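All remarks here apply to the structure that follows.
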Amino acid sequence: MATFDLSPSGRRSGGRSEIAAATDYAVRIDKVSKRFDRRSDTPPVLDEMSLDVAPGEFVALLGASGCGKSTLLNLVAGLEPATSGRIEVPGGPAALMFQEPALFPWLTAGRNVELALRLRGIARDERKVETQRLLELVRLGQSYQTRIHELSGGMRQRVALARALAQNAPVLLMDEPFAALDAITRDLLHDELTRIWSETGLSIVFVTHNVREAVRLGQRVVLMSSRPGRVAREWTVDIPQPRRIEAPEVAHLAGVITEDLREEIRRHGHH
Amino acid sequence: MATTKPPAAAPIPSDGDELAGLDALSVVRQETESLPSRFRRKVLPPLVAIAVALGFWELVVLLELKPTYAVPPPSEVWHTLTEQWSEGNVQAAVTNSLRRGVVGFLASVVIGTVIGVIVARVRPIRTAIKPILTGLQIMPSVAWVPAAIIWFGLSDATYYAVVLLGAVPSIAIGLISGVDQIPPLFHRVGRVLGASRLTAVRHVLMPAAFPGYFAGLKQGWAFSWRSLMAAELIAISPELGLGLGGYLDIGRELNDMSWVLSGIFLILVVGIAVELIVFAPLERRMLRNRGLLVETR
């Protein structure tokens, strides 16, 4: 496994691409199962699920509530152990963003980002510069000293994104990060995320239950089945970026995927 | 498996104007208040309340509802106070008591914090010790004075023992309840950001638990101060130096009500001063930083 590049400049220098060259995947989920209770008569949350994410790829992971999407991200992030199977993240621990910004209210916006750098052991002077750069990347260059409660929901989620980027992980896991935002803010943040993704070359796994959002963002949309969770179907999205969420091609593909999603949900009604 | 294309090199032709506009619309502006208006709103009401209370006291004296040896007029109490000040007794009593209280309290903060973190985070220890801590917190620590006198004799150690037994349980329990109220998501964020157990205590656990911890500190100080006064009333010795409790006791022995009232006044003033100078600003800062300060007008 490649060592994890700790220098803040590694994001832009050759560090990332060397890691990328070492393996042809950024995340490998290999026959992973997860069970929360020991009883074997209930279906597991995840059942022998397999999925590869290529370096620099944007995967939208789609599924109904309770299909184990969040569980899968927790496993990949290393917050919980898998019951069986293997998860590989060759570039080092993945960054993770939640539906709530989960920023620390006792720190300013800048300090929240800086804490991630500090926990990586980066020196103080360097931290300041890097924090400012990351805040500018999410267009919050003016907000270093701003208190969290003075920011809007969308701004908080961008600070959370900057904090996740501060981890300098090659993989960013996002667990319905825009679900709680209003539609206008969400549309703009889709543009921002697409821009940041293309500027950084990150691999992103974006969990959502919103089909249009999945098609708007993903290079690949992966539909998960529920109970047990595994990959049901997947689509490659060939619509060039930047896409608009209201574009007819997006709407068309979203319609096709929605049919499959509904079929998947209906299946559970028969039991 | 789908083929992945490299991400488009050209950035999205968005200049961020829309986002900037949205940010400007949604940011909360906090208005600042002028100094005279702040004075009228915050300082004036308590001053008026004190004046009313003094007027009421004076009225009781003028109406001769009670004999003046039982209820002396405010002026007489003030006279005793200035007299004892010029003899140096007031300063000695206040500094002795404050020193004992502050040193005892600071030691309690160290001990209570360590106990609190361990009890909050280690499940078996919590099960074993939490009920004992709760019991000690409820128990008035004055009950320890006789035991402390037998163990330590008439020494400062007696006072410190009583202060510690009063403050440590409150501080520990405040910290534990602060830890219990941390949203679980914060712990997960700490782990995702790569904090070890020890760095998580410093960067996540302690600051996140601070509101509860702070409540424990305030209560711990209140318990320290009251138990110290009680201990000073009971354990009196000339070698120990006069404290405010001892000052009160002299008034009782002399049967001098204005002396006693001046002692009560001093104990009250020290309590209010510590609250205003130490705790209130800390609390305001904490609440303002976290956006929890609700100004009622």
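Counting only residues that are among the hydrophobic types (A, V, I, L, M, F, W, C), give me the helices (runs of 4 or more DSSP H) lying completely in the range B:186-297 with at least 3 of them. Steps first, please.
Details: elements: B:197-200, B:206-234, B:244-253, B:257-274, B:280-289.
Filter on the range B:186-297 gives B:206-234, B:244-253, B:257-274, B:280-289.
Taking A:Arg86 as meeting all but one of (1) in contact with a helix residue (DSSP H, G or I) (Cβ under 7 Å, 6 or more places away or on another chain); (2) closer than 20 Å to A:Thr23 by Cα, write down the number of the exception.
All conditions pass for A:Arg86, except number (1).
Residues of the range A:219-237 being part of a loop (DSSP other than H, G, I, E, B), touching a Leu at 6+ places or on another chain (Cβ under 9 Å) and at the interface with chain B (Cβ under 10 Å from one of its Cβ atoms), which ones? First the steps, then the outcome.
Let us first name the residues in the range A:219-237 that are part of a loop (DSSP other than H, G, I, E, B), namely A:219, A:225-228, A:230, A:237.
Within this subset, residues satisfying the condition of being touching a Leu at 6+ places or on another chain (Cβ under 9 Å) are A:228, A:230, A:237.
Once the filter is applied, which keeps residues that are part of a loop (DSSP other than H, G, I, E, B), touching a Leu at 6+ places or on another chain (Cβ under 9 Å) and at the interface with chain B (Cβ under 10 Å from one of its Cβ atoms), the range A:219-237 yields only A:Val237.
Mind telling me which of the residues A:Arg147, A:Arg139 ends up being in contact with a Pro (Cβ under 9 Å, 6 or more places away or on another chain) and at the interface with chain B (Cβ under 10 Å from one of its Cβ atoms)?
Working: A:Arg139 fails: in contact with a Pro (Cβ under 9 Å, 6 or more places away or on another chain).
Every option except A:Arg147 fails the conditions.
Identify all residues within the range A:154-181 that are among the β-branched types (Val, Ile, Thr) and either without any contact (Cβ under 8 Å) to a residue 60 or more places away in the chain or open to solvent by 10 Å² or more (accessible area, probe 1.4 Å) (or both); write none if there are none. If you could, list the steps in order and put the result at the bottom.
Of the range A:154-181, the ones among the β-branched types (Val, Ile, Thr) are A:159, A:171.
Answer for the range A:154-181, where residues must be among the β-branched types (Val, Ile, Thr) and either without any contact (Cβ under 8 Å) to a residue 60 or more places away in the chain or open to solvent by 10 Å² or more (accessible area, probe 1.4 Å) (or both): just A:Val159.
Among what's in the range B:152-208 and is within 11 Å of chain A (Cβ to nearest Cβ) and charged (D, E, K, R), pick the residue that is surrounded by the fewest Cβ atoms within 10 Å (Cβ to Cβ). Before the answer, list the steps.
Step one: filter the range B:152-208 for residues within 11 Å of chain A (Cβ to nearest Cβ), giving B:182-196, B:199-200, B:202-204, B:206-208.
After this cut, where a residue has to be charged (D, E, K, R) as well, the list is B:188, B:191, B:202.
On the way: B:Arg188: 18, B:Arg191: 18, B:Arg202: 11.
Once the filter is applied, the top-ranked residue is B:Arg202.
Counting just the residues of the range B:216-240 that are open to solvent by 30 Å² or more (accessible area, probe 1.4 Å) and over 15 Å from the mean Cα position of the chain (by Cα), which one comes out farthest from B:Ala70 (Cα to Cα)?
B:Glu239
Identify the residue in the range A:39-70 that is open to solvent by 20 Å² or more (accessible area, probe 1.4 Å) and outside any loop (DSSP other than H, G, I, E, B) and, among all such residues, is nearest to A:Ser225 (Cα to Cα).
Among them, the one singled out is A:Asp47.
Hand me the list of helices (runs of 4 or more DSSP H) wholly inside the range B:1-78 holding 2 or more residues that are modelled with pLDDT under 85, within 14 Å of chain A (Cβ to nearest Cβ) and open to solvent by 80 Å² or more (accessible area, probe 1.4 Å). Let's see the steps before the verdict.
Details: elements: B:17-26, B:35-38, B:44-62.
It comes to B:17-26.
Only residues that are open to solvent by 10 Å² or more (accessible area, probe 1.4 Å) and of a type in the set (A, V, I, L, M): list them for the range A:215-266, please.
A:Val231, A:Ala232, A:Ile239, A:Ile245, A:Ala247, A:Ala251, A:Leu253, A:Val256, A:Leu261, A:Ile265, listed by residue number.
The values are calculated or read from the model by the stated rules, or taken from the named source; none is laboratory data. All values derive from a computational prediction rather than experimental measurement. Neighbour counts run over all protein chains shown; Cβ positions are idealised from the backbone, glycine included. When the accessible area is computed, the model is the full protein with side chains, heavy atoms only, and any ligands, DNA or RNA have been set aside. Shrake-Rupley method; radii C 1.70, N 1.55, O 1.52, S 1.80 Å.
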